[in-house]
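Worksheet for the structure shown next.
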Amino acid sequence: MAKFRLLHQLLLQQGVAVPEQFHTPLPAPRRWLELVHTPRYHRAFARGELNPQEQRRIGLPATTPLVQRTWLAVGGTVLTARLALRHGVACHLAGGTHHAFPDHGSGFCIFNDCAVAARVLLAEDLVRSVMVIDLDVHQGDATAAIFAEDPRVTTLSVHCASNFPLRKQISDHDLPLDDGLEDDDYLRAIGDLIPDLLDQVRPDLVLYNAGVDPHRSDRLGRLCLSDSGLLNRDRLVLDTCLRRGIPIATVIGGGYDALDPLVERHSLVFRAASEQARLHGI
């Protein structure tokens, strides 16, 4: 959990953000969670009552700090989405837990924060259409399953074909990539896809999972992007949304490496957002 604190410190040290730009969320209330997750599941997690198999599937111990952070992180994604609607772009220092299904967690993911945020804004009639752009190296399987029958939410997952999860779900749009793909080929793969989908769907909001695990040094990645490749990926997504006047909220997604390089990589989407906000006059 130290990476979240270190990311906050790094953004301030680098001058990417100033203290006034940070907003503190409240934990997500149960009524928000239950737009996606079953009461039995979220209560069992909060009370430490998940059975051993459920705990192993998540891969994290249900400690009190983890429970508190999990509820707070979902609240943060909802707040980030609201701020994006207000300002055009906003970035969350956590989020992207896209392997969490309605009745169970998986792959270090407990609640599906982007799914909850989409459902909250739709329920409040703040948006009519949402697109989830998921560029984490692992397929956004639970997000795809949650919205499989919901035409208001369009899901796009660009991921390493051979990577976790073994059993893929069907997103509205999936782009499975070969192991070892490098910067130029990756950017070519998404360079027309994302603009074309945005023009087709014209969503009221994009939720962008900017996972850094496609990096060449990531322990669980299998793709071969560099720091500059990740930065240009984020610039592409942000610019494509902002030049169309589509608000975009970002979450940090996955990343698995030593703490210092990992925090540096997670900071890239904030650098890209700051640059693109200036370029687009936000």
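The values are calculated or read from the model by the stated rules, or taken from the named source; none is laboratory data. If you're wondering where the values come from, they're calculated on a predicted model, not measured in any experiment. Cβ: placed from backbone, ideal geometry, glycine included. Neighbour counts: every protein chain shown.
Against the criterion of being under 14 Å from L262 (Cα atoms) and not β-branched (V, I, T), D239 does not qualify. For the residues V89, V18, the requirement of being out of contact with any Ser or Thr (no Cβ under 6 Å at 6 or more places or on another chain), hydrophobic (A, V, I, L, M, F, W, C) and in contact (Cβ under 8 Å) with a residue 40 or more places away in the chain singles out V89. Quick one: is L85 in contact with a Leu (Cβ under 8 Å, 6 or more places away or on another chain), assigned to a helix (DSSP H, G or I) and modelled with pLDDT of 95 or more? Yes, satisfied. Selection within the range 111-149: residues that are in contact (Cβ under 8 Å) with a residue 60 or more places away in the chain and of a type in the set (G, A, S). The member of this set that is farthest from T38 (Cα to Cα) is S129.
The number of residues in the range 195-221 that are crowded, with 24+ Cβ neighbours inside 10 Å and part of a helix (DSSP H, G or I) comes to 0. Applying a threshold of 9 Å to beta carbon distances and a minimum spacing of six or more residues, or different chains, the list of pairs starting in the range 205-221 at a residue that is without any contact (Cβ under 8 Å) to a residue 60 or more places away in the chain and under 16 Å from L181 (Cα atoms) and ending at one that is of a type outside the set (K, R) and part of a strand (DSSP E or B) reads V212/L225; H215/C224; H215/L225; R216/E182; R216/C224; R216/L225.
Please return the ranges of helices (runs of 4 or more DSSP H) entirely within the range 1-80 where 1 or more residues are more than 20 Å from F101 (Cα to Cα) and of a type in the set (S, T, N, Q).
2-13
Quick check, is I282 of a type in the set (V, I, T), assigned to a loop (DSSP other than H, G, I, E, B) and modelled with pLDDT under 95? Yes. Residues of the range 123-140 being under 26 Å from I190 (Cβ atoms) and either among the small types (G, A, S) or outside any loop (DSSP other than H, G, I, E, B) (or both), which ones? Across the range 123-140, the qualifying residues are S129, V130, M131, V132, I133, D134, G140.
One residue alone among D239, D260, D179 is surrounded by fewer than 15 Cβ atoms within 10 Å (Cβ to Cβ), at negative phi and part of a helix (DSSP H, G or I), and that residue is D260.
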